[in-house]
1. Suppose the filter is modelled with pLDDT under 90, out of contact with any strand residue (DSSP E or B) (no Cβ under 7 Å at 6 or more places or on another chain), farther than 23 Å from residue 186 by Cα and assigned by TED's automatic domain parsing to the domain that holds residue 189; does residue 260 pass it?
2. Which of the residues spanning segment 1-60 are closer than 16 Å to residue 81 by Cβ, in a loop (DSSP other than H, G, I, E, B) and over 33 Å from the mean Cα position of the chain (by Cα)?
3. Quickly run through segment 24-71 and pick out the residues that are loosely packed, with under 12 Cβ neighbours inside 10 Å, under 25 Å from residue 243 (Cβ atoms) and in contact with a strand residue (DSSP E or B) (Cβ under 8 Å, 6 or more places away or on another chain).
4. Within segment 153-208, how many residues turn out to be more than 24 Å from residue 130 (Cα to Cα) and crowded, with 17+ Cβ neighbours inside 10 Å?
5. Being at pLDDT 95 or above, under 18 Å from residue 107 (Cβ atoms) and assigned by TED's automatic domain parsing to the domain that holds residue 116: is that true of residue 153 here?
């Protein structure tokens, strides 16, 4: 069944006329939120947003029923705003730490893929489909289009210098990676890289499968899963999504299988 008929059966979003900061803060305090005066709470709501903060105070609301995870106002007895605010600040710090780690990995991936792919197909190898053999032809055309767009729009000094100095339509790998998003790098250069480059990358990162043969020991499936997990986590941190109590499997990376014997299959 297509999405449109399913959506047609859904109810409309209930009417929620916007409320003033005064009304919102009064509503929370009137429903049992302690430890903060109304004017300070107004500033916090203005600073962060009522809807965003709701994700942090939701666990402190009253359960609708004994066997339900759904909660509603009023707050549970003795709920303190500082406890909620501490969780919000912790989440900010957690996102910053996660993003910092991802950036380190992202920079390494750009450097590694630029070097390995230029070794494989030459410094301009991505200008030929053979340079990214794991992409379908349609995906390769999409890749080339996205490279042109990223290069044309980039204000990086070295790319502006390239545009103003050379006649080549696009720069070499080690320049073009500088203006690519993580998602574009993953979906184009990593996805299109030959299997040998992916296996070498997995081996370099000590992501191994159960096979003892060094030629095939780099686990591409686990590597690909981890790179996608990083993409999801990166998007969450970049868009300030709540991170500390996320339960989705989108940021739950798969674990490599331990070597159990001589009969492990080649991945």
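1. Taking the combined requirement at face value, the residue does not satisfy it.
2. Answer for segment 1-60, where residues must be closer than 16 Å to residue 81 by Cβ, in a loop (DSSP other than H, G, I, E, B) and over 33 Å from the mean Cα position of the chain (by Cα): 31, 32, 33, 35, 36, 37.
3. Once the filter is applied, which keeps residues that are loosely packed, with under 12 Cβ neighbours inside 10 Å, under 25 Å from residue 243 (Cβ atoms) and in contact with a strand residue (DSSP E or B) (Cβ under 8 Å, 6 or more places away or on another chain), segment 24-71 yields 69, 70.
4. Residues in segment 153-208 being more than 24 Å from residue 130 (Cα to Cα) and crowded, with 17+ Cβ neighbours inside 10 Å: 6 in total.
5. no
The values are calculated or read from the model by the stated rules, or taken from the named source; none is laboratory data. Values in this document were obtained by computation on a predicted structure and should not be read as measured data. Please note: Cβ atoms are built from the backbone with ideal geometry, for glycine as well, and neighbour counts cover all protein chains shown.
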